[in-house]
Amino acid sequence: MTPEEKAATIFNTTFVRPAKFYISGFSNIPHVKYYYVFLCFVYIITVLGNSFLLSVIYLVKTLHTPKYMIVFNLAFSDVCGSTALIPKLLDTFLFDRRYIDYEACLSYMFFVLFFASMQSWTLVTMAYDRFIAICFPLRYHSIVTKPAIAAMLLFSWLFLVSLVSLTVGAIDRLSFCRSLVVKSFYCDHAPVYRLACNDTSLNNILAYVAFIVILCIPLILIALTYVCISIALSRIASGEERLKASKTCTSHLILVAIFFLPLVGTNIAAVASSIHPNVRIINSSLTHTIPALLNPIIYSLKTEEVLISIKRLSKRNSICNTIKK
């Protein structure tokens, strides 16, 4: 038997794929169940708010524009991301079902990471929309078209599915022969692959690649678009026009800050120094849930177009009810 064959035989006999992982969650926090009840209410409001927005965009034909294609995609990602995370989280900790099957853990990880990354790149697409609207207003309708936005969103979906599949799939090559306790509130990528007892260098590289692609590059692109937007606004002579144009960006900037700053801060703190697991869990869980709750309120339901559309829908429904009577 060759040395390579011997090494393969040894690896096969020692390779351990666990039946289940144990999700630890918070440690030594009194009355922590109230926090999970809070997340339950956040989930309910998130689903109601985003579903209402999706219904309005779908039913009102005047909102079938490239801008609201992006808004629709963000609302859909918010609903799916919250649904991938919160119900299972509540089941895990409120009902104390902390053991999770190996395959279910990887699926859980995939969907949470994928929809979070989709939210990130949808915010980039929104920034692109604002960039063209302010920097090239006369060419906006010829550049930002339905096919162009559909192509951008479709590319994001396909590319991110591939990246997250590769990142999560690489965990399947690991052997878990030590602790099976995941020190997080869900099957988070880093807390899971760090439990392995064989070489995790590939997983570490993929974690950095995912961090750069999902968080760093989108944040840099958004920052560049707003530098260009600021330059374009400074050239507008009328203060009133400048204020009107800048107002269209304020809501988007709030969403960007709410989504990116806690995630980037937590990841940098985790790499640069030791961060307490409880702090990481609170920060990560709020970052995964609060933006999805606030997105429709901050960006969409306050805009004049959506408010007018809601009024039209309510009038249409009242007329229909009157006719039926």
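Considering only residues in the stretch 274-308 that are over 19 Å from Val79 (Cβ atoms) and open to solvent by less than 30 Å² (accessible area, probe 1.4 Å), the one that is farthest from the chain's Cα centre (by Cα) turns out to be Asn278.
Is it true that some residue in the stretch 189-199 is part of a helix (DSSP H, G or I), modelled with pLDDT under 80, within 29 Å of Thr92 (Cα to Cα) and not polar (S, T, N, Q)? No; the residues of the stretch 189-199 include none that is part of a helix (DSSP H, G or I), modelled with pLDDT under 80, within 29 Å of Thr92 (Cα to Cα) and not polar (S, T, N, Q).
Residues in the stretch 153-177 that are touching a residue at least 60 places away in the same chain (Cβ under 8 Å) and part of a loop (DSSP other than H, G, I, E, B) were compared, and the one that is farthest from Lys67 (Cα to Cα) is Cys177.
Does Leu59 fit the bill of being open to solvent by 50 Å² or more (accessible area, probe 1.4 Å) and either modelled with pLDDT under 90 or in contact with a strand residue (DSSP E or B) (Cβ under 6 Å, 6 or more places away or on another chain) (or both)?
In short, yes.
Quick check: anything in the stretch 37-52 under 30 Å from Lys315 (Cβ atoms) and touching an Asp or Glu at 6+ places or on another chain (Cβ under 8 Å)? Yes, because at least one residue in the stretch 37-52 is under 30 Å from Lys315 (Cβ atoms) and touching an Asp or Glu at 6+ places or on another chain (Cβ under 8 Å).
Pairing each residue of the stretch 178-207 that is within 18 Å of Asn278 (Cβ to Cβ) and among the small types (Gly, Ala, Ser) with any residue that is modelled with pLDDT of 90 or more and open to solvent by less than 10 Å² (accessible area, probe 1.4 Å), provided the two are 6+ apart or on different chains, yields C-beta distances under 9 Å for Ser184/Ile23; Ser184/Val192; Ala190/Asn203.
The values are calculated or read from the model by the stated rules, or taken from the named source; none is laboratory data. It should be emphasised that the depicted structure is a prediction, and the values quoted were computed from it without experimental measurement. Heads up, the Cβs are rebuilt from the backbone with ideal geometry, glycines too, and the neighbour counts pull from every protein chain shown. SASA here: full protein model, heavy atoms, side chains in, ligands and nucleic acids out. Shrake-Rupley method; radii C 1.70, N 1.55, O 1.52, S 1.80 Å.
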